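Presented below is the structure to which this report refers.
Where a number appears in this text, it was derived from the coordinates with a stated rule and is not lab data. Values in this document were obtained by computation on a predicted structure and should not be read as measured data. Note that each Cβ is placed from the backbone with ideal geometry, even for glycine, and that neighbours are counted across all protein chains shown.
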Amino acid sequence: MTNESLQELIGSWSPNLEFNEEGSQYLNVTVPIEELHAVMFKLKHDDQTSFDYLFCLTGVDWGEELGVVYHLESTNFRHSLVVKTQTAERENPVVDSVYDIWATAEFHEREVYDFFGIKFNNHPNLKRLFLTDDWDGFPLRKDYEDNINMIIK
Amino acid sequence: METVTLNSNFKSEEYFINMGPQHPATHGVLRLLLTIDGEIIKKVEPDLGYIHRSIEKMCERDSYQQIVHLTDRMDYLSANINNEAVCLTVENALQLEIPERVKVIRTIIGELTRISSHCLWWGVMGMDVGALTTYFYGFRDRELLNDIFEETCGARLTMNYNVPGGLMFDIHPNFVKRVKEFIAHFKTKLPEYDRLLTDNVIFQKRTKGVGILSKEDAISYGASGPVGRASGYSCDVRKHHPYSALDKVTFKEALRTEGDTYARYLVRIQEMWESLSIVEQLIDNIPEGEYRVPTKAVIKLPKGEYFQKVETARGELGVYIISTGLKSPYRLKFRSPGFSNLSLLNHIAVGGKIGDLVATMATLDLVIPDIDR
């Protein structure tokens with residue numbers, strides 16, 4: 001499917017989706033955090049979209065908000081889509097897990113939790129992946145400070 | 001003679017055992033927490049982070065030229081392809097026109113890197129299942145490639161040969177001659193690999209029907225590279241999103257449908273033949289021209305997001321750069337193939353034996369710094 005027809009189809013599912021193609025080679029859609037799981041489920045299981053391959057899951061600290069970026073591809077139709085969601089809650093950010101939709105999300109979400117402190121609802125095994133359990137803070141956040149291990153130029 | 005019947009009330013008990021972080025079959029510092037019942041695996045939980053260096057955080061501080069150096073240290077067996085991935089992302093973002101010569105040389109060295117990586121994997125694979133000879137055969141042939149790399153880039157492993165805009169320096173005058181010699185040599189050695197290990201009955205019994213991954217699961221777990229292709233999942237980035245000179249060559253994507261350990265093995269052997277063929281198609285036709293186009297000393301990418309995929313020896317490496325227009329990326333994410341391939345280990349190892357786990361892990365071809373980054 002072309003980006004235009006993808007946008008038309010997905011846009012008809014919910015009025016709260018924002019589309020953007022500027023500054024990216026993919027079509028970007030920003031989904032409100034409470035609709036994320038439903039939209040993601042449909043993206044995979046709808047016959048026309050069939051996004052069965054989650055090839056990248058990234059946590060991003062936007063300064064004010066914390067966000068998660070999902071890169072999706074359909075192995076059938078070879079079209080791609082970037083789904084973004086974000087939350088302004090920095091103390092206790094919670095996003096629905098998509099582990100039940102794409103199994104690869106289990107490890108990727110643990111990595112995001114480890115480095116950004118974003119919690120994932122319904123995740124089967126949400127604990128730190130790389131760092132030790134008693135690590136203080138979330139290193140990939142922009143406001144993380146570590147005077148011993150970080151060299152700041 | 002009296003027949004001894006086993007007590008039917010005999011109960012087995014699940015227990016927990018550590019495999020690694022210094023286990024020879026994990027090839028690096030990977031710790032697996034195994035829950036086993038006798039010799040049957042009930043659960044495999046990887047414990048990561050022993051060599052995590054937080055390359056992604058370092059990238060947020062470094063310039064784009066500096067980032068290339070760090071990628072050598074991720075999947076060190078595909079060092080050149082990792083370098084290429086970052087350079088391609090930066091070049092695409094700057095919309096630089098890259099000379100044909102650079103593209104061809106990058107592809108040749110990329111494919112030689114793949115052969116060299118698969119040689120090491122093949123040697124180690126044999127060793128993991130108890131055939132020590134393969135280790136020496138694999139390293140013998142890999143050494144020839146390392147010598148070629150050393151002559152051209154000055155390094156044998158962490159090559160650091162690509163820079164944004166092209167190559168660090170031109171190829172060595174001996175390069176073409178020596179690569180041709182290698183191709184002629186390796187074509188006689190690959191059938192030897194088959195005779196020694198592929199057709200070995202004991203090896204086949206150890207690997208056939210072990211660690212089966214279905215196509216649906218391969219896609220769902222984000223498997224890529226030979227792991228995905230052995231399950232019939234066509235996932236070769238070189239075919240679907242060609243980069244550098246890969247759109248100018250013809251090669252077959254190595255696909256199998258069995259999805260077991262033996263299929264993953266066969267896919268990699270087939271890939272070595274295909275890589276040889278790609279290099280053969282290009283080696284006589286390296287175009288004349290510049291080996292590098294000048295870039296600014298301080299590279300600033302325009303505001304936006306950039307994604308580039310390449311096919312390393314292990315699978316799909318993704319570089320995702322979010323730029324705010326400064327000299328360093330705002331956020332840089334490496335989607336590494338080993339990370340996703342490791343995540344499916346529990347799925348395919350459960351129900352098997354510990355010995356099968358070793359064989360299965362060998363065909364996942366994990367490189368731990370690639371997972372830990």
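Observations on the model:
- In this structure, residue A:108 does not qualify as in contact (Cβ under 8 Å) with a residue 60 or more places away in the chain, within 19 Å of residue B:319 (Cα to Cα) and either within 13 Å of chain B (Cβ to nearest Cβ) or in contact with a Ser or Thr (Cβ under 6 Å, 6 or more places away or on another chain) (or both).
- Of the residues contained in the range A:35-56, one or more are found to be within 11 Å of chain B (Cβ to nearest Cβ), in a helix (DSSP H, G or I) and either among the basic types (Lys, Arg) or on the phi > 0 side of the Ramachandran plot (or both).
- Picking from residues in the range A:107-153 that are of a type in the set (D, E, K, R) and touching a strand residue (DSSP E or B) at 6+ places or on another chain (Cβ under 7 Å), the one that is nearest to residue B:338 (Cα to Cα) is A:109.
- Filtered residue count, the range A:130-146, keeping only those that are under 23 Å from residue B:31 (Cβ atoms) and surrounded by fewer than 10 Cβ atoms within 10 Å (Cβ to Cβ): 4
- Residue in the range B:31-41 that is more than 21 Å from the chain's Cα centre (by Cα), closer than 24 Å to residue B:372 by Cβ and away from chain A (no Cβ under 14 Å) present: yes
- Selection within the range B:130-140 - touching a Leu at 6+ places or on another chain (Cβ under 9 Å) and of a type outside the set (Phe, Trp, Tyr): B:131, B:133, B:134, B:138
- Total residues in the range A:3-34 satisfying the condition of being more than 14 Å from every other protein chain (Cβ to nearest Cβ) and without any contact (Cβ under 8 Å) to a residue 24 or more places away in the chain: the figure is 12.
- Near pairs, Cβ below 8 angstrom, 6+ apart or cross-chain, from the range A:129-153 (touching a residue at least 60 places away in the same chain (Cβ under 8 Å)) to any residue that is assigned to a loop (DSSP other than H, G, I, E, B): A:140/B:54; A:141/A:117; A:142/A:63
- Comparison of B:81, B:36, B:98 shows that the only residue that is closer than 30 Å to residue B:346 by Cβ and touching a Gly at 6+ places or on another chain (Cβ under 9 Å) is B:81.
- Subset of the range A:119-134 [out of contact with any Asp or Glu (no Cβ under 8 Å at 6 or more places or on another chain), under 25 Å from residue A:63 (Cβ atoms) and not in a strand (DSSP E or B)]: none
- Single residue of B:154, B:166 found to be among the small types (Gly, Ala, Ser), buried (at least 21 other Cβ atoms within 10 Å of the Cβ) and farther than 17 Å from residue B:27 by Cβ: B:166
- Criterion (in a helix (DSSP H, G or I) and either surrounded by 24 or more Cβ atoms within 10 Å (Cβ to Cβ) or of a type outside the set (S, T, N, Q) (or both)) met by exactly one of B:77, B:96: B:77
- As for the range B:362-371, it holds no residue that is acidic (Asp, Glu), surrounded by fewer than 21 Cβ atoms within 10 Å (Cβ to Cβ) and more than 10 Å from chain A (Cβ to nearest Cβ).
- Residue tally, condition more than 22 Å from residue A:55 (Cβ to Cβ) and assigned to a loop (DSSP other than H, G, I, E, B), over the range B:224-256: 5
- Note on the range B:293-310: residues that are under 30 Å from residue B:361 (Cα atoms) and either within 11 Å of chain A (Cβ to nearest Cβ) or touching a Cys at 6+ places or on another chain (Cβ under 9 Å) (or both) total 3.
- Residue among B:109, B:98 that alone is of a type in the set (Val, Ile, Thr) and touching a strand residue (DSSP E or B) at 6+ places or on another chain (Cβ under 7 Å): B:98
- Applying a threshold of 9 Å to beta carbon distances and a minimum spacing of six or more residues, or different chains, the list of pairs starting in the range B:284-309 at a residue that is of a type in the set (S, T, N, Q) and ending at one that is assigned to a loop (DSSP other than H, G, I, E, B) and surrounded by 11 or more Cβ atoms within 10 Å (Cβ to Cβ) reads B:295/B:96; B:295/B:164; B:295/B:165; B:308/B:241; B:308/B:243.
- Within the range B:189-223, considering residues that are part of a helix (DSSP H, G or I) and over 17 Å from residue B:126 (Cα atoms), the one farthest from the chain's Cα centre (by Cα): B:216
- Top-ranked residue of the range B:46-62 - restricted to ones that are in contact with a Phe, Trp or Tyr (Cβ under 8 Å, 6 or more places away or on another chain) and not charged (D, E, K, R), ranked as farthest from the other protein chains (Cβ to nearest Cβ): B:55
- All conditions but one from (1) away from chain B (no Cβ under 14 Å); (2) on the phi < 0 side of the Ramachandran plot apply to residue A:113; the one that does not is (1).
- Residue count, the range B:257-272 (criterion: under 24 Å from residue A:56 (Cα atoms) and outside any helix (DSSP H, G or I)): 1
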